[in-house]
Amino acid sequence: MINTQLGGKFSREENGLFDLRKHLISSGINIEFPFSDGIVGEYKGIGVTFIPTPERTFYDIEIEFFNAIRINPVHIVHNKFKDQIGYIGESASIELGYAIMHNRPIIFLYEPTFSEKVSPIIKELINANVELIKIKRLDLLSTDEVSDYVSTIVTDPIEYLLKVTSEVEVMKIVGNLLDSYKETN
């Protein structure tokens, strides 16, 4: 069984990510994140799929999420929000930068378009590697087709085009994001 996680905008206003999660699970793919099929609460204005506790904080879950990106054989991104086809927001872009740093194959549903909040360094990194990122409407494939397609993607790590300065900057951005979650727990 293939393990993965979904990136994209978690929102009560757009269920596409959660519909894709259900479709991937029914295709035999294990989705580690998000945890559920919808938003169950909010943390600092962010929709969450779990309720943070003192024993398992938002920061802890984000560390687990980034670890999943690092070790799972593929990172899948639901890059649509409402009528914004290809939407990549700030958090999803940071996750993508991290996946690229760890040579993880990436699948988008659509050609990417970026929120104005996306770091120029991460946007440049993604654009420099967009030809190596798979774009496939997984949501329109049958369960067998999804399973077959994702299985072909996870065969080898991707050799992305990286600059040392990009790697340092992306890891700094990831660290700053995680620090911002740690400070409030």
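The values are calculated or read from the model by the stated rules, or taken from the named source; none is laboratory data. Just so it is clear, the structure is predicted and the values come from calculations on it, not from any experiment. So basically every Cβ, Gly included, is an ideal-geometry build from the backbone, and we count neighbours across all protein chains shown.
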Could you tell me which residue of the range 152-172 is surrounded by the most Cβ atoms within 10 Å (Cβ to Cβ), considering only residues that are under 18 Å from the mean Cα position of the chain (by Cα) and closer than 19 Å to Val77 by Cα?
-> Val170
Counting only residues in the range 107-138 that are surrounded by fewer than 14 Cβ atoms within 10 Å (Cβ to Cβ) and in a loop (DSSP other than H, G, I, E, B), the one farthest from the chain's Cα centre (by Cα) is identified as Glu116
Residues of the range 17-44 being part of a loop (DSSP other than H, G, I, E, B), in contact (Cβ under 8 Å) with a residue 40 or more places away in the chain and surrounded by 13 or more Cβ atoms within 10 Å (Cβ to Cβ), which ones?
-> Ser27, Gly28, Glu32
Would you be able to tell me the number of residues in the range 86-106 that are polar (S, T, N, Q), within 18 Å of Ile135 (Cβ to Cβ) and outside any helix (DSSP H, G or I)?
-> 0
Would you mind finding the one in Phe10, Phe81, Phe58, Phe35 that is modelled with pLDDT of 90 or more and of a type in the set (Phe, Trp, Tyr)?
-> Phe81
Candidate set: the range 141-175, residues that are closer than 30 Å to His23 by Cβ and hydroxyl-bearing (Ser, Thr, Tyr); chosen: the one modelled with the lowest pLDDT | Thr155
Picked from the range 93-104 (must be surrounded by fewer than 22 Cβ atoms within 10 Å (Cβ to Cβ) and touching an Asp or Glu at 6+ places or on another chain (Cβ under 9 Å)), the residue farthest from Ile173 (Cα to Cα) is Asn103
